[in-house]
Each structure stands twice: as C-alpha cells, then as structure tokens.
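Okay, structure first, notes after.
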Amino acid sequence: MSAKNSDRFIIAYNRIEKTLSKKVDESGFLPFYRLIEKAKIKNSVVRNYEEDLREYGDLRNAIIHHRTGVDYVIAEPHDDVVERIELIERKVSNPLNVGALFGCKVHTLQASDPLTSALALMRDNKFGQLPIYESGKFKGLITAAGITYWLAGQSTEDSISREIPTLSDVYNYEKRKESFEFVKRDLSVYEAEEYFKRAISRGTRLEALLITESAGHDEELIGIITPYDLLQID
C-alpha cells in the first residue's frame, strides 16, 4: 500500500524542519516561520524557496491541527505539492556542491604563451575565458572580450600588426581584470548562483567562478563555473 500524500508531505516537512534547526544551531523549539527567517540569511536554497516553505508551514498546520482521527485529514495535498516539497527537502538537506558538479580538468596557459595557443583552446573547446599564470601564480582570465579589445587596439586605418602577442600583452587590454571569484569545492550550487546575482546588483559582471579546495588563489584549479553553466541546472 502506497503512502498517502499527507503522510509523504509531513515526512518531508519534518525533515526540512529538522535540517533548518541544525543550520541555525537551534536546539530548542522555534516556530517554522522563525526557522525560515534565520536560515535564509545565509542559505540561498531557503531564500529561493521561502514563499513555498511559508505556504507549506500553513498547510502542515491545517493537516495536523484539524485531524479528527488517525485516518482523517482535512485535505490530501496534490501530487505536485508533495513532489515539490520533497524536491525542496532534498535541496535543503543535500545541496549539490560545485566540486561534484563542475569539477573537471582545467586548461590553463602561461602569460608568456602566444595568443594563438589561447585561440586554439577557445576554438576547440568553446571556452569564453582561460586562466593564465605567471611565475607559478594566478594572473587572471584571458577573455574573448579582452582579445577583441587587443585587436581593436592594434588596428590602424590601413593594417593590423602581424606580430603574434603573448597572453601577457593581451591581458593588458582586459577591461575588467577582477571578473572572477575563487570559491571552495564544497560551496553549494545555489550559493554559486548568488555570486553572479550579487555582481549584477553591484552593476558588474562575473565571467567565472574558479573552484579550488578551499578558495585559495594559490591552490590548484579543479573547476570553472560560468553563468551559462548554471543555466543548465534544473
């Protein structure tokens, strides 16, 4: 016999409530709406689903407080409501992290490498940016926009220089040299979305989030996230 929708709903609700209590370090009783208020300050999943969670708090109260018997509830939640609260519970309890989802071999180049090396990588892999290093240290990102600015800077009315530049030469034409952030591998993908949203709210744009073990600039890159990558997440 399959579980009733009301039972599935209450199980998911209780798991969310327990998880939120842990996240806000609350050992005593705190009303569900207060847990939401406290948790959303630092948790982007809760912020994203705040309205749903508040509605589910009201629905839970209706189901529990208006019961008149073991097998009777005031209403059975619709299938889509149950499926959604179970989805939210999974995201709250076990958020996907960027290391697991976007970890991969990262192609990097040296500042002394020729522009042609970057162009070949960008063409073959459809990259919009590439990390470059100088003397073993991260220098910045070479972007398609930066290459365009370099090209525009080399042109004259009659010709364009045929000398192949180094990536260091091209990097000098990058207009936004701080168009990236380093993030740790266990950052949730929902928090990663917040990085891009905050940049837009400041009137800037991030080209990428660079993943390392603990967000250190001197650590090995283990993945890159672009705004386009996050659009592919359900």
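Here the gap between His217 and Asp58, fully extended at 0.36 nm per residue and compared with their Cα-Cα distance, gives a gain of 52.7 nm.
Rolling a 1.4 Å probe over the protein heavy atoms of the chain, with every protein chain left in place, gives an accessible area that is 49 percent carbon and sulfur. In the full protein context, the chain carries 60 Å² of accessible surface per residue, based on a 1.4 Å probe and ignoring ligands, DNA and RNA.
Computed 3J(HN,Hα) for segment 114-130, one whole-Hz value per residue from the Karplus formula 6.51 cos²θ - 1.76 cosθ + 1.60 where θ = phi - 60°, is x, 4, 4, 5, 5, 4, 5, 5, 5, 5, 6, 10, 6, 7, x, 7, 9, glycine and proline marked x.
Of the cross-linked pairs Lys22/Lys184; Lys4/Lys91; Lys126/Lys197; Lys40/Lys137; Lys38/Lys126; Lys105/Lys177, those separated by over 31 Å at the C-alpha level are Lys40/Lys137; Lys38/Lys126. For the chain, the spread of Cα coordinates along the three principal axes comes to 87, 35, 34 Å, biggest extent given first.
The overall shape of segment 90-145 is prolate: from the C-alpha gyration tensor, with semi-axes ordered a ≥ b ≥ c, the ratio a/c is 1.5 or greater and a/b exceeds b/c. The H on the amide N of Gly140, modeled in the peptide plane, is under 5 Å from the matching H of Ile132, each at least 5 residues off or on a different chain. The gain in end-to-end length when the Asn48 to His78 segment is fully stretched comes to 8.6 nm, 0.36 nm per residue minus the alpha carbon separation.
Helix-only arithmetic for the chain: the sum of -39500 (n - 2.57) across DSSP H runs with n ≥ 4, divided by the residue total, places the mean residue ellipticity at 222 nm at -14500 deg cm²/dmol.
Full extension of the segment from His107 to Lys126, taken as 0.36 nm per residue of separation minus the current Cα-Cα distance, would add 5.6 nm.
The values are calculated or read from the model by the stated rules, or taken from the named source; none is laboratory data. Computed from a predicted structure; not experimentally measured. Each accessible area value is taken on the protein alone, full model and side chains, heavy atoms only, with ligands, DNA and RNA left out. Shrake-Rupley method; radii C 1.70, N 1.55, O 1.52, S 1.80 Å.
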